[in-house]
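This report refers to the structure that appears directly beneath it.
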Amino acid sequence: MTPVVLTYAAAVIALPVVAPSVPLATEILIFALATLGCHLLLGYGGLLSFGQGAFFGLGAYAGGLYALYGSGPWGANAIICVLGGTMVGAVAAALVGLVAIRRVGAGNRGHGGAVAFLMLTFAVAQVAYFAAYNMTGVTGGENGLLDVPRPPVSLGGAARFNLDAPLAFYAFVAGVLMLAVALLDRLVRSTAGRALIAIRENEGRAAAVGYDVARFRLSVFTLSGGLAGCAGALYAIFLGLVPLSAIDVMQSERIVVMTVLGGTGSLIGALLGTASFIMAADALSNIWPHWPLVLGVGIVLIVFFARGGLWSIGAGLVQGLAPGRASRRGKPAPDGTIGLQPGARS
Amino acid sequence: MQLYMSQLLNGIGLGMIYFLVAVGLTLVFGVMRFVNFAHGAFYLLGAYGTFTVMQVTGSFVLAVAAAVAAVALLALVMERAVLARIYALAPTYHILATFGVTLILEEAVKLLWSPAPQRVATPEMLRGLTQMGPFAYPTYRLTIIAVAALCALGLWYLLERTRYGALVRGGAESREVVSLLGIDVRRLFTVNFVLGAALAAFAGALVSPIRGADPGMGTEALAVAFVVCVVGGLGSFSGALAGALAVGILQSLATSLWGAGAGLVAYIAMALVLLVRPEGLMPRASRGAA
C-alpha cells in the first residue's frame, strides 16, 4: 500500500459521511475515474485532451445500451457493463490517437504538435456530440437514453449482488476506483512511468535514447480513454439514463477543469480536483445559475497564482508546517506544474 | 443542378466565414505561439453586439462596425490584463487561461441577453434574390462572399506587402531575431491579437442575419476553426483559406446528400487528410531552428 492508494482508500471510506449525500459521493468517485485518465495524459503524457467527454459519453451509451438490451449468460452484469464501457472508450481513444498523436511528432516547431493534439481532440468532442444528437434511434437524441436499469454484480453461478441501494452502488464504484488507482499507482512508478516522464520533460532526448515517443503517448491516450469510458458506463447505470449532456463539449471541459484544479503533481490531485469541483458545483448552482462565471475567474486565477492546483497548495502547506522535512523529490513534476515546460523543445 | 449550384455557393460563403474565424487564430498562433481558446467567444460577441446595436439603431452597417470595435477593445483589455501575464508560460496554461475567459464571456452572454437564440434581421437593401443567368441566389449571402473575399484580399496585402506584414512573418519565423532588430514585439503581439479578434467578431456579425445568435455558436465556430487550422497547417494563411473553403463546401454539399451527417462528413474527411498528410495541406514553408 503506497501513500497514494492509502489516501484514496481513506477518502473512499470518509466520502459518504463527509459529502452532502451518498449519490453525490458516488458522482465524485465516478468522475474521479475520468479525471485520473486526463490527469495521466497531462501529467505523464504532457498532452491536454479536450475530448475526454467524447470517450466518457461513448462509454455511457455503451454501458446504457448493454444494461437495456444485454441478455443471456453475458447479460445483466454490472461488471461486464463497466468492462464494456472501458473497452469502447479505449478503442475510440486509440482510433482518435492514430490521427491526433501522429500530429504530435509531425515535425512542428516548439509545441505545435501538442497544440494540434488539443485542437483535434476538441473537434472530436464536438463531432461525438453531433453524432449522439443526430442518431436519435440509438441514443435517444435530445431526450437521452431513458430507463436504463441497474444490472446486479454477477460472479457466475448464483452469486449475485443487487446494487439498487445507494450504498451498495457506492461500494461497487469504490471498488472499481480502488482497482484503477492501484493499477495506475503501479504504472507511474514503473519503468514505463519513468519513460513517460522523460518524454514529457524532453521529447527529443527521450526519442534519442530510443523510446518510441508516439507509441508511449498512444498507449497513455488509450488508457485515458478507457478510464473515461469506464466512468461513463458507471454514470449511465448510476443515473438510470444517459442524458445528451453526458457527451457534450462541456463534459470534456469539466474533466479538464477537475484535472487542472487538482493539479498533476500527484495522483491524489485527481481526487482533490474532482471532489472540490463537484461539491462546489452542487452548492453554487443552487445559489446562482450563472456560477460558471465564478468558475471562469477561478481558472484564470489558478493559472496566475497556483499553477500546481490544489495538490501543490496542500503540499506547500504541509511543507510549511513541517519545515524540517524536505519534500520528496523524484516525483513527477515536483513543482506540480503541468508538462510542456517552455524549455523542453525537441 | 440549381440545388447543387446553390449548395456550392452556400459552401463557399460558409467557408469564407470559417476563414475569417480561423485566420485570426492562425495569425495569433503563428506569431505568438499562443492558442487562444477564447477566439470563439469573440465570434459569439460579434453576433450579439450586432443584434443589440441593430435593435437600438436599426442600421446594420453601424451595428457591425460597433460590434467589431467593441470586441477589438475587449481583446485589447484582455491582451493587457491576462495574456501579458502568461506569454512566458507553457501552451497548456495559455489554453487554460483563455478557456477561463471563454467561460466568463459565454456566461456573461447568457446573463446579459438570454440563453435563448436571438434573430437578427437581414438589412433591407440586401433582402431578396439576385438573378445570375439561370440561377437565383439570396443577395445577402452573395454579399457575404464578396465582403469576405475582399477581406481576405486585404489581409493578404497586409501580410505580404506591408511593413506590418513583414514583421508578422518575421516574428513567426523567429521572434528573437525580430526583437533583436529593435522591434517592440510586445506591441506587435497586441496589434496582432486585436486584429485576430476583430476578424472573428466581423465573421460573427456577418453571419448573424443568417443563423441568428445563440450562446453555443462560439464553441461551434472554435471547433471548426481548430480543424481548419490543423488541416491547413498551423500558422499558414493560405492553408487557412484552403482548409476553410474545403470544410465549408464539403459540409454544404453533404447537407444536400445526407442532412444529419453533414457535420460528420467534413470532420471525417479532415481526419483522412491528416492521416495522409500529417503536417496539413499547406504547412508553413520554413522550419528553421526552434
Going by what's in this entry, would A:Leu261 be described as open to solvent by 10 Å² or more (accessible area, probe 1.4 Å) and within 18 Å of the chain's Cα centre (by Cα)? yes
Of all helices (runs of 4 or more DSSP H) fully inside the stretch A:1-96, the set with 2 or more residues that are open to solvent by less than 10 Å² (accessible area, probe 1.4 Å) is A:22-43, A:52-69
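Only one of these is under 18 Å from A:Gly46 (Cα atoms) and either at pLDDT below 90 or aliphatic (A, V, I, L, M) (or both): A:Gly320, A:Gly309, A:Gly314. Name it.
On the way: A:Gly320 fails: under 18 Å from A:Gly46 (Cα atoms); A:Gly314 fails: under 18 Å from A:Gly46 (Cα atoms).
Of the residues listed, the single one that is under 18 Å from A:Gly46 (Cα atoms) and either at pLDDT below 90 or aliphatic (A, V, I, L, M) (or both) is A:Gly309.
Looking at the stretch A:111-148, which of the residues that are more than 7 Å from chain B (Cβ to nearest Cβ), of a type in the set (A, V, I, L, M) and closer than 15 Å to A:Val96 by Cα is most open to solvent (accessible area, probe 1.4 Å)? First the steps, then the outcome.
Step one: of the stretch A:111-148, the residues more than 7 Å from chain B (Cβ to nearest Cβ) are A:113, A:117, A:121, A:124-125, A:128-129, A:132-133, A:135-148.
The next check asks that each one be of a type in the set (A, V, I, L, M); those that pass are A:124-125, A:128, A:132, A:135, A:138, A:145-146, A:148.
With closer than 15 Å to A:Val96 by Cα added as a condition, the list becomes A:124-125, A:128.
Numbers: A:Val124: 40, A:Ala125: 1, A:Ala128: 18 Å².
Filtering the stretch A:111-148 for residues that are more than 7 Å from chain B (Cβ to nearest Cβ), of a type in the set (A, V, I, L, M) and closer than 15 Å to A:Val96 by Cα, the one most open to solvent (accessible area, probe 1.4 Å) comes out as A:Val124.
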Got a number for residues in the stretch A:264-285 being among the polar types (S, T, N, Q), over 26 Å from A:Tyr133 (Cβ atoms) and surrounded by fewer than 24 Cβ atoms within 10 Å (Cβ to Cβ)? 1
Going through the stretch A:154-197 in order, the residues found to be open to solvent by 40 Å² or more (accessible area, probe 1.4 Å) and among the charged types (D, E, K, R) are A:Arg160, A:Asp164, A:Arg186, A:Arg189, A:Arg194
Among A:Gly210, A:Gly141, A:Gly229, which is among the small types (Gly, Ala, Ser) and either closer than 20 Å to A:Thr86 by Cβ or touching a Ser or Thr at 6+ places or on another chain (Cβ under 7 Å) (or both)? A:Gly229
Checklist (1) over 16 Å from the mean Cα position of the chain (by Cα); (2) touching a residue at least 60 places away in the same chain (Cβ under 8 Å); (3) open to solvent by 30 Å² or more (accessible area, probe 1.4 Å) applied to B:Ala65, failing item: (2)
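Going by the conditions given, is A:Ile255 out of contact with any Ser or Thr (no Cβ under 8 Å at 6 or more places or on another chain), crowded, with 24+ Cβ neighbours inside 10 Å, in contact (Cβ under 8 Å) with a residue 40 or more places away in the chain and away from chain B (no Cβ under 11 Å)?
On the way: out of contact with any Ser or Thr (no Cβ under 8 Å at 6 or more places or on another chain): no; crowded, with 24+ Cβ neighbours inside 10 Å: yes; in contact (Cβ under 8 Å) with a residue 40 or more places away in the chain: yes; away from chain B (no Cβ under 11 Å): yes.
Criteria not met by A:Ile255.
Which is modelled with pLDDT under 75 and within 14 Å of chain A (Cβ to nearest Cβ), of B:Gly233, B:Gly243, B:Gly261, B:Gly218? Walk me through it before giving the result.
Working: B:Gly233 fails: modelled with pLDDT under 75; B:Gly243 fails: modelled with pLDDT under 75; B:Gly218 fails: modelled with pLDDT under 75.
Every option except B:Gly261 fails the conditions.
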Do any helices (runs of 4 or more DSSP H) entirely within the stretch B:129-234 hold 3 or more residues that are open to solvent by 30 Å² or more (accessible area, probe 1.4 Å) and of a type outside the set (S, T, N, Q), and if so, which? B:139-161, B:163-173, B:175-180, B:185-211
Of the numbered conditions (1) within 26 Å of A:Leu183 (Cα to Cα); (2) open to solvent by 40 Å² or more (accessible area, probe 1.4 Å), A:Leu241 fails exactly one; give the number of that condition. (1)
Given B:Leu74, B:Leu105, which one is at pLDDT 95 or above and within 14 Å of chain A (Cβ to nearest Cβ)? B:Leu105
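For the stretch A:168-175, state whether one or more residues are assigned to a strand (DSSP E or B), aromatic (Phe, Trp, Tyr) and farther than 15 Å from A:Tyr44 by Cβ. Steps first, answer last, please.
Keep residues of the stretch A:168-175 that are assigned to a strand (DSSP E or B), which gives none.
Scanning the stretch A:168-175 turns up no residue that is assigned to a strand (DSSP E or B), aromatic (Phe, Trp, Tyr) and farther than 15 Å from A:Tyr44 by Cβ.
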Does any residue in the stretch A:37-66 that is at positive phi come within less than 6 Å, Cβ to Cβ, of a residue that is small (Gly, Ala, Ser) six or more places away or on a different chain, and which pairs are these? A:Gly46/A:Gly339
Quick check on this structure: which one of A:Trp288, A:Trp311 is surrounded by fewer than 22 Cβ atoms within 10 Å (Cβ to Cβ) and either among the hydrophobic types (A, V, I, L, M, F, W, C) or under 28 Å from B:Met217 (Cβ atoms) (or both)? A:Trp288
Of the numbered conditions (1) part of a helix (DSSP H, G or I); (2) open to solvent by 10 Å² or more (accessible area, probe 1.4 Å), B:Ala121 fails exactly one; give the number of that condition. (1)
Would you please name the residue that is surrounded by the fewest Cβ atoms within 10 Å (Cβ to Cβ), looking only at residues in the stretch B:84-101 that are more than 7 Å from every other protein chain (Cβ to nearest Cβ) and in a helix (DSSP H, G or I)? B:Ala84
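The values are calculated or read from the model by the stated rules, or taken from the named source; none is laboratory data. Note that the coordinates shown come from a computational prediction; the quantities given were computed from them, not determined experimentally. Every residue, glycine among them, receives a Cβ derived from its backbone with ideal geometry; neighbour counts consider all protein chains shown. Note: areas computed on protein heavy atoms with side chains; ligands, DNA, RNA excluded. Shrake-Rupley method; radii C 1.70, N 1.55, O 1.52, S 1.80 Å.
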